[in-house]
Amino acid sequence: MKNILFLIIFFLITNFSAQKPVLHDLKDPKMHAGCYIHGKNNPVANLSEDEGALFNLNGKDEIFPSIKGTKEYPEAFGNKIYKIYIRETKSVKDGESCIENKVYSIKIIYKKKAYFYSKKGMCGC
């Protein structure tokens with residue numbers, strides 16, 4: 001009986017201990033014409049890299065290759081640990097410039113759980 005109780009407690013602790021993924025500011029955002037998701041001081045994502053998108057989820061900048069999106073989230077990137085789905089929810093042109101301010105809805109799948117974020121960003125030339 002003690003073992004069953006221990007297993008139940010262990011399962012509950014490990015099940016709820018998964019931390020929500022954090023989108024950290026990029027250390028080197030590789031700023032050029034393209035789309036970015038804003039962070040505190042630097043972008044948290046560069047969506048315009050040739051190989052995919054640049055994110056920092058583990059304390060280092062990492063390229064996430066493009067993967068198949070969904071009907072709801074047409075842009076998607078992923079690796080063995082994370083699947084990141086992105087859709088644009090709002091876009092406003094910034095006056096006469098070529099810059100568009102955007103709001104993105106982001107869904108990150110981590111350890112079979114979905115985490116949702118809403119972040120501002122921009123696309124420009």
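Structure values in brief
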item: Criterion: modelled with pLDDT of 95 or more, open to solvent by 30 Å² or more (accessible area, probe 1.4 Å), over 19 Å from Gln19 (Cα atoms) and of a type in the set (Ser, Thr, Tyr) - qualifying residue of Ser66, Ser105; result: Ser66
item: Positions within the range 86-125 being part of a strand (DSSP E or B), of a type in the set (A, V, I, L, M, F, W, C) and touching a Cys at 6+ places or on another chain (Cβ under 6 Å), in sequence order; result: Cys123
item: Every residue from the range 67-107 that is β-branched (Val, Ile, Thr) and in contact with a strand residue (DSSP E or B) (Cβ under 6 Å, 6 or more places away or on another chain); result: Ile67, Ile84, Ile86, Thr89, Val92, Ile99, Val103, Ile106
item: Single residue of the range 79-90 satisfying the filter (in contact (Cβ under 8 Å) with a residue 24 or more places away in the chain and open to solvent by less than 90 Å² (accessible area, probe 1.4 Å)) that is nearest to Lys20 (Cα to Cα); result: Tyr82
item: Any hit, the range 24-32, residues being on the phi > 0 side of the Ramachandran plot, touching a strand residue (DSSP E or B) at 6+ places or on another chain (Cβ under 6 Å) and modelled with pLDDT under 95; result: yes
item: Any hit, the range 3-23, residues being modelled with pLDDT of 90 or more, open to solvent by less than 90 Å² (accessible area, probe 1.4 Å), within 17 Å of the chain's Cα centre (by Cα) and closer than 19 Å to Met122 by Cβ; result: yes
item: From the options Phe116, Phe55, residue that is surrounded by 14 or more Cβ atoms within 10 Å (Cβ to Cβ) and of a type in the set (Phe, Trp, Tyr); result: Phe55
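The values are calculated or read from the model by the stated rules, or taken from the named source; none is laboratory data. Small disclaimer: the values here were computed from a predicted structure and weren't measured. Glycine gets a Cβ as well: all are built from the backbone with ideal geometry, and neighbour counts include every protein chain shown. When the accessible area is computed, the model is the full protein with side chains, heavy atoms only, and any ligands, DNA or RNA have been set aside. Shrake-Rupley method; radii C 1.70, N 1.55, O 1.52, S 1.80 Å.
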